[in-house]
Amino acid sequence: MRKFALLLFVLLFSVKSYSQFKLGFQFSPVLSANRVDYESDTESIGSDGTALKVSFGPIADFAITEHYYVSTGVLFCSKRAGFEGQAGNSPASTEEYNLQYVQIPATMKLFTNEVSLDKRVYFQFGGTFDFNIKEEADKDEYVLVEDFRFFDFTLLAGLGLEYQVGTSTILYGGLSYHRGLVNAVSEQVDGLGGELTLKNDYFALNMGIKF
């Protein structure tokens, strides 16, 4: 996977000479949350809150017209899997797993005309292909998940503002919501009375620069 990410990164730079191509870098604080589904007569398992994570990496925008762009990139994205569970009359306990992904967006950006001098609003929608490169439990004695799935896919919807600060330099900022569609749990521990399903969602504050 590291070789694939490096190859895509090199390809993005190799086409920089294309006049309708913008290459940049994006940094995003991420509020990671989970949707947990579990049905059992003897056990209760749900989501355990949210956590602040981060996403960053190179991005690329390809112009189709003046107002329509295809946007992609190669991003490192960290997420959190958090569970709160209770079996029988035992006290509730929590488990937290840190997940790291290489993320490849496949999105469209729609730009308005200038809302003021050198400023345009954009709307972004599409999906991201996420590939799990590392997973780690906060504590060794966790007992719910044996393994997480290698692949995830999320729907993305967002909006933001671009500001032209030079002949070829653009600063931008925006917000986006990412909704996971794939059960991140690949293998749960033996002995659970039901099937454990977890889907990753997060909100991102996107900040970046393009050239």
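Screening the candidates Ile45, Ile64 for the property of being buried (at least 18 other Cβ atoms within 10 Å of the Cβ) and either more than 22 Å from Val182 (Cα to Cα) or in contact with a Phe, Trp or Tyr (Cβ under 8 Å, 6 or more places away or on another chain) (or both) yields one hit, Ile45. Being among the acidic types (Asp, Glu), over 14 Å from the mean Cα position of the chain (by Cα) and not in a strand (DSSP E or B), is that true of even one residue in the range 69-92? No, that holds for no residue. With respect to Phe56, determine if the residue is within 13 Å of the chain's Cα centre (by Cα), open to solvent by 40 Å² or more (accessible area, probe 1.4 Å) and of a type in the set (Phe, Trp, Tyr). Yes, satisfied.
Within the range 168-190, residues that are touching a residue at least 12 places away in the same chain (Cβ under 8 Å) and within 15 Å of Gly208 (Cβ to Cβ) reach partners that are open to solvent by 10 Å² or more (accessible area, probe 1.4 Å) and not in a strand (DSSP E or B) with beta carbons closer than 8 Å, at six or more positions or on different chains, in the pairs Ser168/Phe211; Thr169/Phe211; Ile170/Phe211; Leu171/Val165.
Confirm whether Pro58 is touching a residue at least 24 places away in the same chain (Cβ under 8 Å), of a type outside the set (Ser, Thr, Tyr) and on the phi < 0 side of the Ramachandran plot. Judged against the criteria, Pro58 is a match. Scanning the range 99-121 for residues that are under 16 Å from Asn206 (Cα atoms) and either in contact with an Asp or Glu (Cβ under 6 Å, 6 or more places away or on another chain) or modelled with pLDDT under 95 (or both) yields a count of 2.
Among the residues of the range 125-145, what is the count of those that are of a type outside the set (A, V, I, L, M, F, W, C) and open to solvent by 40 Å² or more (accessible area, probe 1.4 Å)? Write out each step before concluding.
At the first step, the residues of the range 125-145 found to be of a type outside the set (A, V, I, L, M, F, W, C) are 126-128, 130, 132, 134-136, 138-142.
In the following step, the residues that additionally are open to solvent by 40 Å² or more (accessible area, probe 1.4 Å) were identified as 134-136, 138-142.
Summing the residues that are of a type outside the set (A, V, I, L, M, F, W, C) and open to solvent by 40 Å² or more (accessible area, probe 1.4 Å) in the range 125-145 gives 8.
Among the residues of the range 103-124, those that are under 21 Å from the mean Cα position of the chain (by Cα) and open to solvent by less than 20 Å² (accessible area, probe 1.4 Å) comprise Gln103, Pro105, Thr107, Lys109, Tyr122. Within the range 21-38, one or more residues are open to solvent by 40 Å² or more (accessible area, probe 1.4 Å), modelled with pLDDT under 95 and more than 21 Å from Asn200 (Cβ to Cβ).
When the range 128-145 is filtered for residues that are modelled with pLDDT under 90 and among the acidic types (Asp, Glu), the ones remaining, listed by number, are Asp138, Asp140, Glu141.
Do the conditions hold for Gly49, that is, is it at pLDDT below 95 and not in a strand (DSSP E or B)? Explain how you work it out, then say what you get.
Values: at pLDDT below 95: yes; not in a strand (DSSP E or B): yes.
Judged against the criteria, Gly49 is a match.
The values are calculated or read from the model by the stated rules, or taken from the named source; none is laboratory data. Everything quoted here is computed from the prediction, not taken from an experiment. Here Cβ is always computed from backbone atoms with ideal geometry, including for glycine, and neighbour counts include all displayed protein chains. The area values use the complete protein model at the heavy-atom level, side chains included, leaving out ligands, DNA and RNA. Shrake-Rupley method; radii C 1.70, N 1.55, O 1.52, S 1.80 Å.
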